[in-house]
Structures are given as C-alpha cells and as structure tokens.
Number of protein chains: 4
Amino acid sequence: MVGGGPGAFIGDVHRKAARMDGQIELVCGAFDIDPKKSKQMAEQLYLEPSRAYGTYKEMIAAELKLPAGERMDFVAVTTPNNWHYPIAKDCLKAGFDVMCEKPMTMTSKEAKDLAKLVKQKKAVFGLMHNYTGYPMAKLARDMVKNKELGEIRKVVVQYPQGWLATLLEKTGQMQASWRTDPKQSGAGCVGDIGTHAANLAEFITGLKITGICAELTTFLEGRRVDDDVNCLIKFENGAKGVLHASQVSIGEENNIAIWVYGTKKGLEWHQENPNYLYVKSMDGPEEVWKRGNGYVGAKSASAGRLTRLPSGHPEAFFEAFANNYINFAECVRAKLEGRKPDPLALDFPDVEDGVRGMLFIETMLASTKSKQKWTAMKK
Amino acid sequence: MVGGGPGAFIGDVHRKAARMDGQIELVCGAFDIDPKKSKQMAEQLYLEPSRAYGTYKEMIAAELKLPAGERMDFVAVTTPNNWHYPIAKDCLKAGFDVMCEKPMTMTSKEAKDLAKLVKQKKAVFGLMHNYTGYPMAKLARDMVKNKELGEIRKVVVQYPQGWLATLLEKTGQMQASWRTDPKQSGAGCVGDIGTHAANLAEFITGLKITGICAELTTFLEGRRVDDDVNCLIKFENGAKGVLHASQVSIGEENNIAIWVYGTKKGLEWHQENPNYLYVKSMDGPEEVWKRGNGYVGAKSASAGRLTRLPSGHPEAFFEAFANNYINFAECVRAKLEGRKPDPLALDFPDVEDGVRGMLFIETMLASTKSKQKWTAMKK
Amino acid sequence: MVGGGPGAFIGDVHRKAARMDGQIELVCGAFDIDPKKSKQMAEQLYLEPSRAYGTYKEMIAAELKLPAGERMDFVAVTTPNNWHYPIAKDCLKAGFDVMCEKPMTMTSKEAKDLAKLVKQKKAVFGLMHNYTGYPMAKLARDMVKNKELGEIRKVVVQYPQGWLATLLEKTGQMQASWRTDPKQSGAGCVGDIGTHAANLAEFITGLKITGICAELTTFLEGRRVDDDVNCLIKFENGAKGVLHASQVSIGEENNIAIWVYGTKKGLEWHQENPNYLYVKSMDGPEEVWKRGNGYVGAKSASAGRLTRLPSGHPEAFFEAFANNYINFAECVRAKLEGRKPDPLALDFPDVEDGVRGMLFIETMLASTKSKQKWTAMKK
Amino acid sequence: MVGGGPGAFIGDVHRKAARMDGQIELVCGAFDIDPKKSKQMAEQLYLEPSRAYGTYKEMIAAELKLPAGERMDFVAVTTPNNWHYPIAKDCLKAGFDVMCEKPMTMTSKEAKDLAKLVKQKKAVFGLMHNYTGYPMAKLARDMVKNKELGEIRKVVVQYPQGWLATLLEKTGQMQASWRTDPKQSGAGCVGDIGTHAANLAEFITGLKITGICAELTTFLEGRRVDDDVNCLIKFENGAKGVLHASQVSIGEENNIAIWVYGTKKGLEWHQENPNYLYVKSMDGPEEVWKRGNGYVGAKSASAGRLTRLPSGHPEAFFEAFANNYINFAECVRAKLEGRKPDPLALDFPDVEDGVRGMLFIETMLASTKSKQKWTAMKK
C-alpha cells in the first residue's frame, strides 16, 4: 500500500475492506510522505519491519528483489490525488497490478497514458469507485441491462454533503486541507464526489453521458476549489437529467442517490440505506427489493454473489468496498495462476472508468467557463 | 364557480376545500362549457335551479341583478387554462373577487393586465398554488425569514410525476387531453407542475429566481407539449440550484419536494408526507418538526393558525387547499365589512404570483430555445 | 349535533368531516351542557337561532314538531362518554338515526340495550371508529378476506400517545380533564385508544378476539384512570398477538399501527402515514400499495370508492372520518327514500362494534385484576 | 475457533468480524464435528495444516503444548448451542479465554457453572450478543444512564423474522435443522432471538426484567420447538412493557427494534437501519441522531470510539459484531500484558449476560406452562 498513514481516512478503509474476506494480506507499505511516520504506521499494522518502506520507489525496488512467491502481489494507491499517477505508473512499469483511489489522475492525458500502460502490461487495474460495489447498485444495473425498465428517459443523480459549509481547511483539518488544495486534489466537489455521481449514473444506466451543461460554484470566500455542482446532462440514447452535488449542503452527509426512469419502470437507490432498491411501475405497487434475498440473486448474479449476510442483517460501506477488492483479487490471482478469472469477477471499476472520470471533470470545468448551454463530453 | 363540471378534477377539489371550514357556501355556478351539463352538475350539488347558469357571462349578468347581500361574493375559476384570463377579467370588471386556478393566464401580458385590473378594482384575488398552503411549507418560509438558515446558498426543488409516461391523451382521458393541448394549456409539464416547483422555491426562500438554464423535453412522440423539465436556477442573492419536473417519471405520483441549504442550516419537505419538516444543522441531530405541535406554532404563527387537528392526526391536500380559501375568504369578508383583514390572512398566493408564474413559463420556453447557458428571468 | 361546544375537539372534527362531501348539512344542535354556550356556538356556525337548543331533550322535542322533510335527519353524539348512552337512547326512541362517538356507552349492559333498541327501531346507527374509515385499512381488510394472507397467525397492534405523560388534567386542560375523570370517561387509555386498536385488529383480520391477558397501569401518581395498556391477545382461529397502547409514551402522537401475518403474506399499516399499505411475502420484494391507484380499487371496491384524490395527493384523517359519514348518510337517505342502500355503503362501524368495544374494555379491566393469565372475552 | 465449518453461518461472521480491525488473527480451529470437513475448512482459510484439528479436545491439547507466545490466545465457540457449554468449560479449564455464541448453554445451571469458572480462572469471557455492539445502541444506553430520559416507564422490544413460516427444517436446510432440534438448540424462537430482544432491553434501560407473562407458540404442525413469542414484561423499577418475537412473521427479516419511554424523553432504534437513533421529547421536534457525528461521541464515549467511518457512510452488522471483538481483544491483550484494559473496552456482553439469558429462557418456558399471569424471573 502507498498512502494511508497516520490520520488518513481512505487508506484505513482500504485496509479493513481488503482484509474482510481473508483473501488479501497487507505485507508491506509506504504509508506516508514522511518515512518516519510510514514506519511508525507499519509497526501499528504488525508488518515485518523490513517491509516498512520510506518511499514508494524504495518499496518497488525492494519488493522486486524478493522471490516471485514472496513479493507483494499488487499495490493499493491511497494517497492524495496528485500522487496517483506517478505511483500507479511506476508500479505498472515494474509489473505490479494496481488498485487506485479516484480520481485516477490530475488530467485526462495522464489517465489515457495509464490506460495505455495497463493494456501494454496486461495489468489488472482497479479504480475504487466504491458505490458501484453495493449489491443493490449491481441489481439496478442488471435490471436496466435486462430491459426491465425499457428505454431510459430520465436520470436524477445527486451527491450532497455539508462538511465543507465552513472554511474547515483553515483549521488544519487534514481531509479538508488537501481536498481543497488544487495542487493536490485537481478539483473540488466535482472531482471528489461529482465523479462518483457521474460514475454511478453511467454504471446503472449502461449509457454514456454525451452532453453537459454545468455550473460549478465556490460558495466559501477564500476557498480555492469549487464546493458545489449543478449540472444538466444528456446521454447517448437521448435520455436527459440532472446531476447535482455539494459540499455546502448543511446536514447532508454522504447522500449519494439516484433515480432512473425508463419507458416501463423506474428505480431509486440511496447509499445511506444501501440495502434497499425501490422499483416503480405504472400499474402496480412500488416494490422494495431487499439485499440478501433469493429473488435478488435470481435477477442479478452479481448482487447475489457479492452478499455476505442474510437479508435483514444490514451490509454497508465496507462490504461494498470489499466487493471491489474481492473481484480485483480474483483477477490478480487468476493472472498469477495463469487461468481465466471467474467472469463475474470482472465486475469492478477499472482504468477505463478512470479515464471517463477525468474526461468528466475536464468537461465540467470547461462547461462552467463556457457561455454555451451544452458542452460535448470530451473524448 | 366557473368550471368543475362532470368529470373535472380540480373543480371538485375546490368545492370540498372551500366547504371544509364552514365559511364558504357554493351558491351558483357555470360548471361546464355545455350548458346542459352545467345544470346537471348544479342539481347534483343541490343548488337552486335558478342559479345554475349556462355560461359564465350569464352568471355574472344574473348575479349582478341580485341584491347586494344575496349575490355571490366571489368567483372560483377552475376551467382549463385558456379560459382563466377572459373569465377572471370579466368577473373583476363586474366587481367580483376571484379565486383562480394556476397558471393564471396564457401569457405574461394577460397576467400583467389582470394584475393592473386587480389594483384598479381593489379586488381580492387568490391564485391556487395549493402547495404553499401546507402548514409545514409556511413553517419553512418563516424559518428562512427569521434567518435561522442564515443566507441561502443552494436550492433543489422537484416535481416528478409519471402519469403521462404513455400517450394517455390519445385514449380520450379528459385530464390528459386538455393538459396536452397547447391551445387549452399553453404549455405542458412546465406550466402544469413546473410552476408549482418554482412557486414553492420562491415562497420558502423569499428570493426571486433571476436566471434560468432550462431544457424542456417532449419524450412521447406525437405529444404536442413538453413532458419533462430539467433546469439550473440562480436566485437574486447568488444562491443556485436545480429545478426538475417530469410527467414521464414512471411510478412517481405528486412527489413535489424541496431542499434548501443556508449558511447555518438546511431543510427538506415532501408534499406526499406533508406533516413533517426536516431541519438539518452542522453540529446536532436532524430534527423532524411535526405539524400541530406547540413548538411549530411558536416559530410560525401561520403554521400554527392553519392547523385543524392535533399532531399525529395527519392533515393533507384538502386542508392545504382550504388554507388558501380560508385566508382568501377572510379578506373578502373584511372588504365586505369595510374593515382590515387579519394580517395573517394575507398569506395566500395572489395575482403577483400569477404574473411570476407566467414570466417563469415564458423564460423556460425561451431558455430551452436558446443556445446560451443563462437566460435572465423575464420582467 | 349534541356536544361539540366551545373548546371541544371531536365535535368540530365531526362537523368538518360531515360537511366535506356536500351530502350532510348541520341544521341544529345542543352543543354544550351550558345552554348559553350552546347558543353561542350555534351562532358561530351560522345556524338559525330557532334551532340552537339549550339541551338535547329540548332539541329532540322541538325537532319532532317540525314537519317530516324539515326536521333533522339524524343526530351526531359527540359529548364526553358518560352522555353517549342517555342521548343516543332518547334519540333512537324519538325515531332519529344516530352517529355516536366511541366508546359507545359506560357499560356493556347499556351497549346491549342500545343494540336492542337499534334493532327494534330499525335505526341506522354509526359508531365513530374513524381509523377503519381509511381506504388502506379497507384494502387490508379486503386482502385478508380474499385469503391473500392465508390463515392469520400473528397480530401486533399498537396505539402509543405521549400527551398524558404529565398530569395535564391538573392544569385545567379540557381534553385531559374529562378523559381522566372516570365518571365522564369510564376508563382511561384502554377506553380512549385501546378500543381503537382492538377494533382495528378485528376489522382487518375479520377475527374476534377471544382471550385477553391484560396489564393496565396508571403511571402518573394522582391520576384516576389507567394511562398505559399492555396486553396479550388470542383470536378465535388460534391466531395470537400483542396489543399495546399508552398515553405516557413521550413523543408519540397518534401512532396507531398494525402488523398482520398469515400463512402466505403479511401486512403493515400506520395511521400517521395512512396512504401506504405494506405487503410482505416470502419470496418477493415488499410492496408499497399507495392509495388512489387503480390496482388498489381492483383489490378493494371499498378502498377504490372511498377515495377523493389521485394518488400522490395525500388524503388523511378528515377523509377517513368523512368516509364513515358518507356511508352512514347513504344508509339514512336510503331509509328515508324507502330503498336499499348501496351495499358498499354498509361498510361503517355500527352498534355491534360499540357492544364489542364495551365488552373489550370490561374484559381488559377484569383481566388486569385477575391473577390468571387468560381471561375469556366477555359476551 | 470451534465450529464454523462448511455451510455454517455464524462462524464465518465471527471470522470476518474478528479480522476486520487487524487485531485478531485466526491461527487454528476445529471447525466441524467431522474431522475431515474441519481440515478442509482450515485449508480454505489458509491455516497451517498442523493447526487444523479434528476435534476441540485435540485442539486444546495441541495448543497447550506450544510455547506461550505461539499458542492461540483465546477460543471462539460458534457451534450449535448444545456444544457451547462443554467446549467453553474445557477451554476455560485449560486456561484459554473464550468468546462464545449465545445462548451460552442449555440450562441456567450450566450457565452459573461457567460463570463460577470464569471467576476462578480470572478468564476473559465474551458472549456474542452482537446487537448491543451497535454504536447507536451504546448511545441509547448512555442516554438512559445519564438520566436524559428520566425514569423509565415503558419498553417495547421486538424481534420478528419470517424465515420459518414454513417447515423449512424438513427440507434439509442446515440452519433450520439444528435450530428447530431441541437437543441441539434447547429452545426455538425464544432462545434464538427472544434472548437478543431481552438482552437489548436490559442493556439499554440498565434495568433487570423481574416479571414475565409469556405465551410461546408453535404455529407449524410438526415443529419441535416454539416459533413465536408474545410476552408482557416488568422491570425492577416498575417499568412495564411488551416483548414479542417471531419466526413466522412472513416478510420480516431481522427486524429487532426497541422503543423506550421515560418521564422526560423517549427513544427508538431499529437494527435494520442501525445508524439512526430517534429521540423524542414532549415539547420539541423528534431528533434523528446519526452515527459518526461529533455530537454522538460527545454523549457517548463508547459510541464515539466504536465508529470506523464518517457519518453518512453507513456501518452495519459486521462492525457491530467486530465492536464486541475489539473490546474483548483489548481485555485479552491487557491480561497477557499484565495491565488493566482501557476501561471503555469492558463494554461487551459477558458470562453474566449468558446467565441472564438462560434464566430468561427458563422463565419464559415456565411462564408459558403456568396459568398464573406473572412468573418471577428466575434467579
């Protein structure tokens, strides 16, 4: 692992999620930009001191020297955004598979560069869009794929938060500091959570966003990145909708949610109560599909497979995260074992999602500057 | 009453709501464009046959001949949209106060004309934006007015329906037929329900919408008006947000809802469960304010006054509707009695809301045609 | 109307509900035990002064002297409980139909007496168990009747309130005063709201409660009646369950709700959000049935008929109340017109429900005193 | 670990939960009564073959032979109920700490025996009542402890399930088979889930149940244990309430929930949406306390400490389970290190809860047989 040092948020989530199913073991890491802190973290994590590295470059070099069966199998990149690209690139070049936090890079150019490298190296590359790891998001995707909603007409997707409604970054709070520093984060609300909303919408509908009319705003005086996103969207099939996100919507926590309406049915899903999918029809009662039931697995092999507990025993954020890891790990293992992975294990976000995400961010920024209503999604 | 004949929806709602509090009695009407049906409806309503009129012109003429204390006190206009203007105008000219359905007219020019007439005649004029009649919408408005939310930054307002997801108008269904006939309705989704969303947003925030970036869509081939609305909005104080509405969002019924976020707090309200207002803050639990409690009345005199039942005994659509009537009726009675009305009774939508509504519709249509991102709200 | 004077709660609800559909007109009344207040109320209600009576006996006598078409058609009894029996009896004896508040009498003996009288007089007698007037309660009842749940096994029914969690009756609050005075109310929580819970359970399941194991409690020192009810119940078919109610459950308002489970399906309904019925099955998603939809009317003619608004425009307490009135009124009118009423109009609680209610209260009191676990329901 | 072989449910949950925080490593096990299956499971779990034992006795003997720092630190007992006692006893006698599934034993005599042994051995003993591991249950407990609810008056606690609404045990389904075999399970619904409800009620209120009036039922013909529980309860301070549970409530999953009302406030919590605690008061809005916020930690050090994710990123069943493990592990480690554990780490269910559980089950069975209303809780 690179990143996830003392005080970091997402690195610890990666560790807990990766550990959950007993398929992945943390063996080494460069956890902090400060080598001392990195080693201190390694100790807390009960790692062998010899594999507590000061920098990721050191880690790559040292691990490469270990015999094949003993060296790390892949690298999880959980640093601030600006480090994703150089680290992922070096890992890939050294022949390691990569699980990377999102947004994948700082520019779409870098993103495409990584995509090319992944192809060349036949690497397994995972991008941690964790919300699509939820079983009910998989079910939604499969219902759309099976044409149960008919042709999609309308999509509303949102991700409101409220934690940056004040200038938290001026208080020294670590999460707020790097996320509002354009050099480390690239963009604000649009990159941090807007990308999740866009990814979720494309994932569930199976449709590409082709047009954007965006209005990014910075409400807090003195903030260096956007903290609010309002956006009209168009999809390749003519579907239309709205995407909005915010970090100044006081009282909202991580309220990413989506509504999709087709010519036959509609559906609704909320991350904060992730075990339910609401299915709406024209001439019958609304249905509440609940994770863990046989009827869910019958509609969606993925949703059925990525479930650990019987219905009514709620699963949540860590399990969704772990779902990406368990699929990713199966692909890494299959590669090591020289076999094809379980086809269902291919169901995790990858380098192409990373490219889409960077194109989305850049188009959002361009649209905000433009006086024209519609800006075509960059390619 | 004009309109509300056999098979009509909203006219019957007006009658039930107006009747509820025992302050208003239906004494005469021209209920249908077909004089026969009009008289048949009058009979069903136990009206005196002599006051069952064939046309509204006949009604005005005949009622004017009755002595002052016996003639009708005001006219409720509940016809399809294209009739609102001529009927309201004639009633006002004849000296009758008017309660009118929305949208008020077919054009903003007509709307301004009515506004002028109302002023000249010192008439009492009510516009039936019924959703702002809900006590919890009043409470929300008063919380914003009292600066409890701080300065408003973000607004999300929606009104999804699904009943026109098929070409219902081709089946002869009466409601669908006139509402999708541009000659009778003027516009589709934007006029029928988009106006309610805009009105609710301006009512609660106390802020005017100044900029619009709209995308109206007609999803059903062969439909003659828009059936879906996606829109970015700007308010006079710099607040921004999203307004979306739809008549093709399958499974949605009358899901008008609003989220407002300020610099101090946020709030959320849903018409389909109208007795609750959710208040969100940065550093305390979310609060569920419930209609009928003393703490509600303490914050909002209007919400406290316009409540008929103790908390936990739900009130709903009819009561919100009746709230507009009871305030309107107090103003009509005060005028008849030559006194000032209860100041709280001035709290109902009026001809100026009707002008705003028409300006909104026209700006939405103009913005949809425009390639520019932002279109200034017409004045 | 008898009762419903200044400051009364339920009398005003009766008036608004009876008025709603334009089928019932208030023509006279004895509204208060103080003749002066009674006349004052009559004036507020725009009644003819000649029909504002000082006492109910005066009212009966005077109305009887009016010609058949002009006198009142029925009497609504909305006084404190101890007056129900003498007033209803006198009205019935004088040949008037009666709509009576619940609990119907102070003893089951009185209740049976009234039942006999109703039979003798062929009177129309309504008992205001308003909660069974909700369309979704009708739908639930019809689903059970149609065997969609299979054989019923388990019932949980509750009615928690919190308004008597302090000694409100010592503050002079009118509602609290008479409801906690055993001479006026007969019993406390068990009579006031426990009866509603029992009535709802028997209504929806179509099954009689045959055994009771009750624990009534008075939590507030100095209170003269029970304020909390916990109870095991058995039904005639072997189904079992729990009934609990309270007036000291702080923060609860009128949270009457029921869960019924059969061999095939289960259902759940909450009065505070009355437009939804939740239907549960073994091998499919939970269903949310929403009032006003065609699929509701298709399952339950009663639920379809007793609906005034399209789905998504919520109906609530007054409409449920009015549903009992509109059915009752149809039966009164049919009697006056010498015809059979619409069979669906027979669907309102009547004198037999009143007898059941008194037997329930007496059994609850007896069981509370008993050391035996089960007390058979009195007959 | 003992138990948790192929097809087992709860053993796998123990493994995932214990693993989550990186503080506990599975080093050996006797996973199945069939030694072959046990070793097969060990292989799947990547254990050293030498520590894959055929029986728990073999495991104890072999581990004892390992040097102190290398042998297992404690044993998790996750077998069917009838094995809990002998295994736990042998482990304790051999000097190992124990984490045991519930119900702890088959009789209260065995339970008291274990309690005595734990005391003698100064062992750390955890009992897996996982629901009290939820942060919001901790918050509820601490609010009551801090007297924010005042004196407790009323408690309603439930645990409805529907999965045994048919004779699933006749189909060979493993979970159903042993849970309905009185020799393996001891009791049915009352032991499997009724104990959780009782434990949760005593945990949150801090009050002992002193009186029980129970009605256990077996609805399915041919079933050998109870499948439904209805019960009145009394607490040591005079509070009263209702406890009901069921395995035939079709459509219910694991809907354990509790409502507690005191003289000042009330609260409500539902396991299926575990991140929210509803707090109710007499004169203010209902509050929704959400896990992960600073205001939660400020009220409850335990709730604040046992939280891994920011608010809005839901935690669920595994994390609650893991909370018991992490506290238990800290106590085991402190013992090994010869220091006092973090006082907050003492917050997990222990052998005394196990004794309470067995007394509860035996009292429930006795009360069901009794004709007397109240049966005193056994001691």
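General remarks:
- Chain A, closest residue to the rotation axis toward D, by beta-carbon, whole angstrom: A:ALA316, 2
- Tensor-based shape of the stretch C:143-284 (alpha-carbon gyration tensor, a/c under 1.5 rounded, otherwise prolate or oblate): prolate
- Size descriptor, Kirkwood hydrodynamic radius, that averages inverse alpha-carbon separations across the stretch C:146-193, Å: 13.3
- Binned Cα-Cα distances of the stretch D:1-80, short to long, each 5 Å bin given as a whole percent: 3, 17, 29, 28, 17, 6, 1
- Under 5 Å from the amide H of B:LEU127 lie the amide H atoms of B:CYS100, B:ASP350, each residue being 5 or more positions distant or on a separate chain, with H modelled from the backbone and absent for Pro and chain starts.
- Nm distances between copies for A:GLN23, ranked from closest, using label points 7 Å along Cα→Cβ: 2.7, 6.3, 6.7
- For the stretch D:249-308 and the stretch D:32-92, distance of Cα centres in Å: 38
- Taking chain B as a Gaussian network of alpha-carbon nodes connected by springs under 10 Å, the highest mean-square fluctuation of the residues B:THR363, B:THR171, B:THR55 belongs to B:THR171.
- Set C:LYS65/C:LYS93; A:LYS290/D:LYS145; A:LYS109/A:LYS335; B:LYS109/B:LYS369; C:LYS373/D:LYS183 screened for pairs whose C-alpha atoms are more than 24 Å apart: A:LYS290/D:LYS145; A:LYS109/A:LYS335; C:LYS373/D:LYS183
- Positive-pole candidate from A:HIS313, A:VAL157, A:TRP178, dipole of chain A, charges at beta carbon: A:VAL157
- Counting every other Cβ atom within 10 Å of each residue's Cβ, C:HIS196, C:HIS270 order from fewest to most as C:HIS270, C:HIS196.
- Semi-axes of the equivalent ellipsoid of the stretch A:96-227 are 29, 22, 14 Å, computed as sqrt(5λ) over the eigenvalues of the C-alpha gyration tensor in descending order.
- Label point 7 Å beyond Cα along the C-beta direction, distances from D:GLU352 to other copies (nm, shortest first): 5.7, 6.0, 6.8
- Relative contact order of the stretch A:192-302, defined on C-alpha pairs under 8 angstrom at six or more residues apart (%): 15
- Think of each Lys and Arg Cβ as +1 and each Asp and Glu Cβ as -1; about the Cα centre, that makes the dipole of the protein assembly as shown roughly 0 debye.
- Chain B - Kirkwood radius from inverse mean 1/r over Cα pairs (Å): 21.3
- For the stretch C:216-321: rounded, prolate or oblate by the Cα gyration tensor [a/c cutoff 1.5]: oblate
- Entry note, chain A: relative contact order of 19 percent, from Cα contacts under 8 Å with a spacing of 6+ residues.
- Each of A:LEU220, A:GLN247, A:ILE209 was placed along the dipole of the stretch A:196-354 (beta-carbon charges, centred on the mean Cα), and the one lying farthest toward the positive end is A:ILE209.
- Label point of D:ARG224 (7 Å along Cα→beta-carbon): distances to the other copies' equivalent points are 5.9, 7.1, 7.5 nm, sorted ascending.
- Exercise: per-residue mean of other protein chain Cβ atoms within 10 Å, A:300-310: 2
- Mean per-residue shielding of peptide D:285-295 is 6, counting Cβ atoms of other chains within 10 Å of each Cβ.
- The orientation-averaged shadow of the Cα convex hull for the stretch C:38-100, equal to a quarter of the hull surface, comes to 4.3 nm².
- Cα gyration tensor shape for the stretch B:284-379, rounded if a/c is under 1.5, else prolate or oblate: oblate
- For the stretch B:240-379, the relative contact order is 10 percent, taking Cα pairs closer than 8 Å that sit 6 or more residues apart in sequence and dividing their mean separation by the residue count.
- Euclidean distance between Cα centres, the stretch D:217-248 to the stretch D:117-155, Å: 22
- Cα-based Rg and Dmax for the stretch B:225-275, where Dmax is the largest Cα-Cα distance (Å): 13.4, 41
- Note that the protein assembly as shown shows a convex hull volume over its alpha carbon atoms of 171 Å³ per residue.
- Whole-Hz ³J(HN,Hα) from phi, Karplus 6.51 cos²θ - 1.76 cosθ + 1.60, for the stretch D:255-265, glycine and proline x: 7, 6, 8, 9, 10, 10, 10, x, 6, 10, 8
- In terms of other Cβ atoms within 10 Å, B:GLU70, C:GLU63, D:GLU319, D:GLU148 run from fewest to most in the order B:GLU70, D:GLU148, C:GLU63, D:GLU319.
Every number in this text was worked out from the coordinates using simple rules, so none of it is lab data. Predicted model, so just to flag it, every value in this text is computed and none were measured. Methodologically, a virtual Cβ is constructed for each residue, glycine included, from the backbone with ideal geometry; neighbour enumeration extends over all protein chains shown.
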